[in-house]
Amino acid sequence: MKKRLFSFIALSAIALTSCSFFGNQNNYKSYEKEISVYNIDDLDEESNLSSGYQKTINARFIEGEDLIPYLTLKQYASLYDIHLADNAKSAFNKSVFSDTWSITIDDQICFVAQADSSFNDFLIAGSIESAYYEDDDPRDLKALNYGIDIDFDGKYLSDETYAYHPFDGYGIKHFTHEKETYYPLGLLDITFYDFSGIYFTYNYKHIISTRDVENYNDIKYIDEGKEYDFNHQMEEVAKNLSTPSYLIKYNAGLFLYLMDNFYGLKEQKGIQSFASYYKRNHGIYSDLFSSFDDVRGMGYSDALSILDDNHTILISANESWNESQFGLIRRYGERCKNRTKTKSTLQTLRQSAYKNFTPEKDYLLSEDGKTALFSFDSFVFGTTDQVFNDDESIKDTAGNYDTFYKLLFALKDLQNLGTVKNVIFDISLNGGGVVGVMLKVLSLMSKDNSSTFAMYDDSTTQVSIYVPHIDSNNDKKYDSTDSYGNIFNFYLLTSDCSFSCGNALPCCAKEANIAKIIGQKSGGGECAVSVHYLPNSEYVYHSSNLHIGYFDNETNTFEGFEDGVTPDIEVEIGSSFYSVDYLNTLIQNA
């Protein structure tokens, strides 16, 4: 579908005028209700929900549909006010059919969004997150951000530099009351999360917000003297009720909207409409709308697992409406099944090769002392307490928690041996992890403390190019003395189980001539992962619109890494796959 243009001439024009002179608004009978909004990232030591109080908002509800709050775009925009830096300002403008929200930093626009009730769509450019105050993120990212400096460049591959998200055709209601347009909170939350990194979700009692999405289901809080988490408070409100039909339709409609607009491999899989796709596949479409909880729960699980994508899965199903018993039964596709079999085979082979010590901590050395084999299965970073001493120096045990320091300490040990020329990083079972850690590892392996990493946002056509540099010796300089590419020849041992960042590392390393690839073809997974909550608390992991790949400046083209990387030296999966002496021979003869 051709994107329509913003109804203003330039982003610098804050006052906007709709280009539409017609509408299809529905004037449902509605009523107003006050809802308290709580930020659970800011709870006190006793985890009292009241300590995270943000504001009270006057939401509207359609009569007879008492579990779906509707907000104006202006009301929704106001939820971000507590996160904005002092020099950031949020502004709002409306015309006949469109509402526009913009954020400026020092009078320069960093974000603008337009909701149009006649076209039934959102147009969005920029980032809300760029306007937050410096310490807004509750996650402990000190170790991740320590000792890395990243050069950045960005460009757009088309003239349409904004995201276009139509919500027509999903049965998603919106209505006008006293000349204000109201949209369901679930629609706004799904639409704006990728631009903000903050969830605002209604649990039938409060609106709860958090930036710590990975731990959303685990955060406990005290409300009116009782301990809850988000889902269990929802369950308490919903107990003894059968699932309302309007809620089933609402949740299913938003799920289809989510997949059509935010699933990153839609084009690669040849899917034009997820509704049509699910209608053709095992009756999944009708299952999503079923009044039977078990059928509906299985429907959501099948809707994701049928995509045969290890990045896309139902993490938790709805407990309030009894979907959870069946929602976590996964019917994997052939690719995921084969990868699982390969993983089991490799685990057995590796255990035999490494014998009685843990490969996560130790290396194997060839008989001639020239080649070392060292494995790591994920890219993780440690907490401040795990990585840093009280004097801000790095702990000797930091490598037990942080992949970068695990590899750094191993390379220092290998350098001290004096015989090692070749280092093989065994990432054959590496299923991915944090991109920032992977970038640090790339620079660690390079000759000049530099590597290139590109991401493409297919919703905005923006390519972001990152060139990371590290300070591994803590001398406050970012130079070649911090990298090990001039000391060792690096090799990466890969398999189909080298997925996500475990796939991006060898793809980037081969493209930049940082390392040779040995083993089997890597397993793909080019999209970054996004996480969305549906309004009824189904917790969805999925491949996002952000693609990891290679950008060619000369041809101005981007190529993703979904197909994996072909090894320079192929190694059959068998008894010699993890034999350091066999691999050493292959390297010597290559």
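Computed quantities for the displayed model
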read-out: Failed item, numbered, when residue 369 is tested on (1) within 18 Å of residue 444 (Cα to Cα); (2) touching a Leu at 6+ places or on another chain (Cβ under 8 Å); (3) open to solvent by less than 60 Å² (accessible area, probe 1.4 Å); value: (1)
read-out: From 451, 446, residue being under 24 Å from the mean Cα position of the chain (by Cα) and open to solvent by less than 10 Å² (accessible area, probe 1.4 Å); value: 451
read-out: Per-region count, the range 452-502, residues touching a residue at least 60 places away in the same chain (Cβ under 8 Å) and over 28 Å from residue 578 (Cα atoms); value: 23
read-out: Condition check for residue 464: in a loop (DSSP other than H, G, I, E, B), out of contact with any Cys (no Cβ under 7 Å at 6 or more places or on another chain) and open to solvent by less than 20 Å² (accessible area, probe 1.4 Å); value: no
read-out: Among residues of the range 482-508, those that are in contact with a helix residue (DSSP H, G or I) (Cβ under 8 Å, 6 or more places away or on another chain), open to solvent by 10 Å² or more (accessible area, probe 1.4 Å) and closer than 18 Å to residue 542 by Cβ, counted; value: 1
read-out: Residue count for the range 122-137, restricted to those that are open to solvent by 60 Å² or more (accessible area, probe 1.4 Å) and either touching a residue at least 24 places away in the same chain (Cβ under 8 Å) or of a type in the set (Lys, Arg) (or both); value: 4
read-out: Flag for residue 37 being farther than 20 Å from residue 190 by Cα and either surrounded by fewer than 16 Cβ atoms within 10 Å (Cβ to Cβ) or modelled with pLDDT of 95 or more (or both); value: no
read-out: Yes/no for residue 74 being closer than 27 Å to residue 136 by Cα, among the basic types (Lys, Arg) and open to solvent by less than 70 Å² (accessible area, probe 1.4 Å); value: no
read-out: Residue satisfying condition, being in a strand (DSSP E or B) and at pLDDT 95 or above, within set 493, 444; value: 493
read-out: Of residues in the range 383-407 being over 27 Å from the mean Cα position of the chain (by Cα) and among the acidic types (Asp, Glu), the one least open to solvent (accessible area, probe 1.4 Å); value: 392
read-out: Within the range 278-295, considering residues that are in contact with a helix residue (DSSP H, G or I) (Cβ under 7 Å, 6 or more places away or on another chain) and assigned to a helix (DSSP H, G or I), the one surrounded by the fewest Cβ atoms within 10 Å (Cβ to Cβ); value: 279
read-out: Strands (runs of 3 or more DSSP E) wholly inside the range 296-381 containing at least 3 residues that are closer than 30 Å to residue 417 by Cα and in contact (Cβ under 8 Å) with a residue 12 or more places away in the chain; value: 363-365, 371-375
read-out: Residue in the range 509-523 that is open to solvent by less than 60 Å² (accessible area, probe 1.4 Å) and of a type in the set (Asp, Glu) present; value: no
read-out: Residues that are closer than 24 Å to residue 264 by Cα, outside any strand (DSSP E or B) and out of contact with any Phe, Trp or Tyr (no Cβ under 8 Å at 6 or more places or on another chain), drawn from the range 511-543; value: 521
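The values are calculated or read from the model by the stated rules, or taken from the named source; none is laboratory data. Quantities reported herein were computed from a predicted structural model and do not represent experimental measurements. Note that we place each Cβ from the backbone using ideal geometry, even for glycine, and neighbour counts take in every protein chain shown. Heavy atoms of the whole protein, side chains included, go into the accessibility calculation; ligands, DNA and RNA do not. Shrake-Rupley method; radii C 1.70, N 1.55, O 1.52, S 1.80 Å.
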